[in-house]
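What follows is a single structure, written as structure tokens, with notes after it.
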Amino acid sequence: MKTSLFASIAALGIVVTLGQSTTMRAKGNTLPPAGNNLIAVDILLEPDRMMVVKANAFNNRLRGDYPAGYSLDATHSPHVSMLQRFVRATDLDAVTAAVAKVLAAERPTDLQLTAKGIDYVMWAGVAVTVLLVECTPELLRLEEKIVDAVTPFSVSGGTAAAFVGADANAETIAYVETFVPKSSGTSYIPHVTAGVAREAFVKQLKTEPFQAFNFKPDGVAIYQLGNFGTASKKLWQSAASGTIALSSVSRRSTGP
């Protein structure tokens, strides 16, 4: 790629004009009422085994360079984010219902996706490394519908307390706060985060030939985010079979 993957993400200051509809979506509800805890959520695609195996292979290499990094596991689940937002914990049921309504009209498990390369962005002194995914018209349409569905429940002003572990760094908080519009719509860059490492090591990885591969989503889920945008706590999922399962997460607490 001639342009760094996350130029707009890393800067977190580039304004992308996407028209009036996106402006309305970005605003959401800017003043959450007192007493309503916020949670940082990620509405995401859960990839099939092909992507999970590939992501874990890259993660192993990254941890070989930077052992303090994280493994891909139940609290750091490989995924393709479609939307990250702050919402009220008390609105979670309404958010899941809105997402389910979109999925009733869309068929996300029919998407044919392609991983096309790797890139990274520097956050908190480490290179957050990702597998880039081709943004097909079908994927972009689904992403935009999810954004529209969740906009009525989106709020601003989330802090580290909204994340699992309550230790999210400033870059992670800002990314969620500005996901719409800076990382959505025509600025949407689908990817699977593989882990973190030293920048010099990841630069070396980028010089290696990358064999593109195809994969499919197994389903859609909503997670509470952890630091570095990890999918840390599953709150809801729509299985490939079309059945929907709700977790026993409390709608009053933001704790892990």
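A short reminder: the numbers here are calculations on the coordinates, not readings from a lab. Since we're looking at a predicted model, the values are computed, not measured. Note that we place each Cβ from the backbone using ideal geometry, even for glycine, and neighbour counts take in every protein chain shown.
Tabulated values for the structure
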| quantity | calculated |
| --- | --- |
| Among the listed pairs Lys54/Lys182; Lys116/Lys182; Lys54/Lys234, those beyond 24 Å (Cα-Cα) | Lys54/Lys182 |
| Segment Met50-Asn169, extension gain: residue separation times 0.36 nm, minus the distance between their alpha carbons | 39.8 nm |
| Phe213/Met122 FRET efficiency (R0 25 Å; Cβ-Cβ; nearest 0.05) | 0.40 |
| Taking Phe86, Phe153, Phe210 and counting other C-beta atoms within 10 Å, the order from fewest to most | Phe210, Phe153, Phe86 |
| Spin-label pair Lys101/Lys203, simplified geometry with 7 Å Cα→Cβ offset, distance in nm | 4.9 nm |
